[in-house]
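Colleague: Got a structure for you, written out below as structure tokens; questions coming shortly.
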Amino acid sequence: MGAKYPAVAIDMGTTTSLVGYLANHTPCILPNDRGNLATPCMVAFKDSQTAWVGELARNLLLSSHCENVVVYPKKYLGTETLFKIQGREYSPAEIMLIILRKLKNLAATYLKVPERALKKAILTVPEYFTDTQKTAVLNSGKLAGFEQIRLVSEPVAAAVAYGYKDALTEERLMVFDLGGGSLDVTLLETSDGCFYVKGFESAPVGGASFDKALADFLGGKFEEMCGVNFTDDPILYRNLMEVTEKTKADLSFVDETEVLFPYMLIGNNTKKNYLNVRINRYQFKRITEPLFDRMRETVLKAFKKSSVVPGWVTRVIISGGASRLPGIKQMLNSMLPSLAKIESRLDPEHAVILGASELTGIIDNHDQFSRLELQNVTSCYFGVEDDDGNMVVVVPKGEVYPCEITKTFTTTEDNKKEILIHVLQAKNPENHALYRSIGHVTVEDIPPARAGEPNIRVTFSLDEYGKLKVIARHSENNKIASLSIKIGEKGERKLKPQRRGTGLRVV
Ligand code: ADP
Ligand code: MG
């Protein structure tokens, strides 16, 4: 390895994580210590000192020690969920950090570099992640020892993997990502190496929903044979889920398969110590039809939210392990115009990590990637409430941060001594009912003046972690009032706007 250590890419999915890097301008996925490319997002606590990540944890989940295993922390990031293990509580971010450290360790081992030499990383995040969730991912990355981190949205990474970063023509893409826990549909435009997200929609229908539907079916069949209700016993149920997931994956490749569940005592039948059932694609399709309906709904909602019609799409990118399921392509074909080309050349489970690995070239300053900039973008509006109770937007939605934006305000009455800077956050500044109050500060001692004369400059600055600082400065007496708000911090309140007259209006 040369003097320069590579940047690594990490796709921490809901159910599985992958690590990659750019080797001689070619994106590569690194295998874990089992030789597998995908590492299950599971952590098992053997004792207070030892945490097992990945396959080891997954295997423990099938044993009687399953209560010591935490699965799929990403699903809970940004919620109040705490995992209680052996008398200690872990937040989702703490569990993700353990996984992240393990992935970094795997990368260092594979690349034969010291772990501390890996300082740069691209971390992928779902398009729907809030600023709070993105900040949590950034913080975990820093705690894992990465000093330079770029977050990239998963659908953008998938589009990069398919070469749309360099597309000379404008393309209008739909990324259909069916992962383990959710379906994420994103509509984006690409032109001149940039991606513009038109809109997206997510639904909690993913590989796990198919597992559940199939497990219910198989469990029912087995119960008929042996009289045991699998849902009554957590260990038995987890083992059933394991067999089910494999069966589901098999049905993506073959029309019919046999499911075998070993070591079940079937009543008095001592000749056979296993259960077996045959299942075919037709039955599977019938069982999972409601899930297909749900997926169709999600795609239509994504179009609606993006204000486009299906005919708008020129290319469809298929991503996520569960998109291998039979029937997905047919479903998309039936919903989209015949001109929309479905891209599925890559293994769908690898599209995000391959794109993210390619993008590490940006932080490694490889010239050919310098055109594409990656930044953090706000997912809502930030502003100040004026005297009429309306939000004056200071930082718009979609603004790239770190950033600093200033607006000038003035008083609404003669000789007003103070004004209230009431900071609001909103998904839509037109909808008062959904304003969120995130802090306030008062500018005092305003010298006597007619309404509209004082000049109060209010500056919003967002740092790379999404920390918002608001500074209000009176131009004459230079009095400063300021406050810092960690967006989405626990202290965030869902208050109604003041609506009592803040005494200020925008100039
Ligand atoms: P995530 O990003 O949410 O972690 P992935 O893209 O890694 O999800 O996909 C994981 C899901 O893909 C799991 O639910 C898994 O069962 C499913 N999956 C993997 N291989 C297949 C297959 N051959 N057929 C159907 N589903 C599959
Ligand atoms: Mg994924």
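The values are calculated or read from the model by the stated rules, or taken from the named source; none is laboratory data. Please read these numbers as outputs of a predicted model, since none were measured by experiment. Counting neighbours? That spans all protein chains shown, and the Cβs are built from the backbone with ideal geometry, glycine included. Quick note on the areas: whole protein, heavy atoms, side chains included, nothing else; ligands and nucleic acids left out. Shrake-Rupley method; radii C 1.70, N 1.55, O 1.52, S 1.80 Å.
Colleague: For the range 373-386, give me each residue that is outside any strand (DSSP E or B) and either open to solvent by less than 10 Å² (accessible area, probe 1.4 Å) or modelled with pLDDT of 90 or more (or both).
Modeller: Thr378, Cys380, Asp386, listed by residue number.
Colleague: Continuing with the same structure: Looking only at strands (runs of 3 or more DSSP E) that lie completely in the range 81-170, which have at least 2 residues being touching a helix residue (DSSP H, G or I) at 6+ places or on another chain (Cβ under 8 Å)? Give the steps one after another, and end with the answer.
Modeller: Details: elements: 83-85, 88-90, 120-125, 148-153.
Those strands (runs of 3 or more DSSP E) span 83-85, 120-125, 148-153.
Colleague: Given the criterion within 16 Å of ligand 2 (Cβ to nearest atom) and either touching a His at 6+ places or on another chain (Cβ under 9 Å) or at pLDDT 95 or above (or both), identify the matching residue among Leu332, Leu346, Leu359. So that I can check it myself, show each step before the final result.
Modeller: Values: Leu332 fails: within 16 Å of ligand 2 (Cβ to nearest atom); Leu359 fails: either touching a His at 6+ places or on another chain (Cβ under 9 Å) or at pLDDT 95 or above (or both).
Testing whether each residue is within 16 Å of ligand 2 (Cβ to nearest atom) and either touching a His at 6+ places or on another chain (Cβ under 9 Å) or at pLDDT 95 or above (or both) leaves just Leu346.
Colleague: Tally up the residues in the range 2-21 that are open to solvent by less than 20 Å² (accessible area, probe 1.4 Å) and out of contact with any Asp or Glu (no Cβ under 6 Å at 6 or more places or on another chain), please. Show your work before the answer.
Modeller: Filtering the range 2-21 down to residues open to solvent by less than 20 Å² (accessible area, probe 1.4 Å) leaves 6-13, 17-20.
Then drop every residue that is not out of contact with any Asp or Glu (no Cβ under 6 Å at 6 or more places or on another chain), which leaves 6, 8-13, 17, 19-20.
Result for the range 2-21: 10.
Colleague: With the requirement that a residue be within 14 Å of ligand 1 (Cβ to nearest atom) and in contact with a Ser or Thr (Cβ under 9 Å, 6 or more places away or on another chain), what does the range 329-349 give you?
Modeller: Lys329, Ser344, Leu346, Pro348, Glu349 - these are the residues of the range 329-349 that are within 14 Å of ligand 1 (Cβ to nearest atom) and in contact with a Ser or Thr (Cβ under 9 Å, 6 or more places away or on another chain).
Colleague: Can you tell me how many residues within the range 56-77 are closer than 25 Å to Pro126 by Cβ and open to solvent by less than 60 Å² (accessible area, probe 1.4 Å)? Full working, then the answer.
Modeller: From the range 56-77, those closer than 25 Å to Pro126 by Cβ are 57-58, 61, 69-77; that's our starting set.
Filter once more, keeping what is open to solvent by less than 60 Å² (accessible area, probe 1.4 Å): 57-58, 61, 69-74, 77.
Selection size over the range 56-77: 10.
Colleague: Another question about this same structure. Give me the pairs: first residue in the range 110-139 and assigned by TED's automatic domain parsing to the domain that holds Pro402, second residue away from ligand 1 (no atom under 16 Å from the Cβ) and at pLDDT below 95, beta-carbon distance under 9 Å, and six or more apart or on different chains, which are they?
Modeller: No pair meets every condition.
Colleague: Where in the range 1-68 are there strands (runs of 3 or more DSSP E), lying wholly inside it, with at least 1 residues that are within 16 Å of ligand 2 (Cβ to nearest atom)?
Modeller: Where strands (runs of 3 or more DSSP E) fall fully within the range 1-68 and carry at least 1 residues being within 16 Å of ligand 2 (Cβ to nearest atom), they are 8-12, 16-23, 26-30, 42-45.
Colleague: Against the conditions (1) assigned to a helix (DSSP H, G or I); (2) among the aromatic types (Phe, Trp, Tyr); (3) outside the structural domain of Val277 (by TED's automatic domain parsing), where does Phe222 fall short? Just the number, please.
Modeller: The one condition Phe222 does not meet is (3).
Colleague: Which condition number in (1) in a strand (DSSP E or B); (2) in contact with a Ser or Thr (Cβ under 9 Å, 6 or more places away or on another chain); (3) modelled with pLDDT of 90 or more is the one that Gly439 fails?
Modeller: Every condition holds for Gly439 apart from (3).
Colleague: Which of the residues that make up the range 171-215 are open to solvent by less than 40 Å² (accessible area, probe 1.4 Å), outside any strand (DSSP E or B), closer than 16 Å to Thr14 by Cα and touching a Leu at 6+ places or on another chain (Cβ under 9 Å)?
Modeller: Passing the criteria: Val205, Gly206, Gly207, Ser209, Phe210.
Colleague: A follow-up question, please. Is it the case that the range 133-141 has a residue that's touching a Lys or Arg at 6+ places or on another chain (Cβ under 8 Å), hydroxyl-bearing (Ser, Thr, Tyr) and closer than 18 Å to Asp347 by Cα? Give the derivation first.
Modeller: As a first pass, look at the range 133-141 and keep what is touching a Lys or Arg at 6+ places or on another chain (Cβ under 8 Å): 135.
Next cut, hydroxyl-bearing (Ser, Thr, Tyr) only: 135.
Then drop every residue that is not closer than 18 Å to Asp347 by Cα, which leaves none.
Checked the range 133-141: no residue is touching a Lys or Arg at 6+ places or on another chain (Cβ under 8 Å), hydroxyl-bearing (Ser, Thr, Tyr) and closer than 18 Å to Asp347 by Cα.
Colleague: Any chance you could count how many residues in the range 23-55 are away from ligand 1 (no atom under 16 Å from the Cβ), buried (at least 21 other Cβ atoms within 10 Å of the Cβ) and closer than 22 Å to Lys112 by Cβ?
Modeller: Qualifying residue count for the region: 1.
Colleague: Sort out which residues of the range 110-134 are open to solvent by less than 10 Å² (accessible area, probe 1.4 Å) and away from ligand 1 (no atom under 16 Å from the Cβ), and write them in order of number.
Modeller: Leu118, Ala121, Asp131
Colleague: For Leu218, work out the one condition from (1) buried (at least 21 other Cβ atoms within 10 Å of the Cβ); (2) at pLDDT 95 or above; (3) not β-branched (Val, Ile, Thr) it doesn't fulfil.
Modeller: (2)
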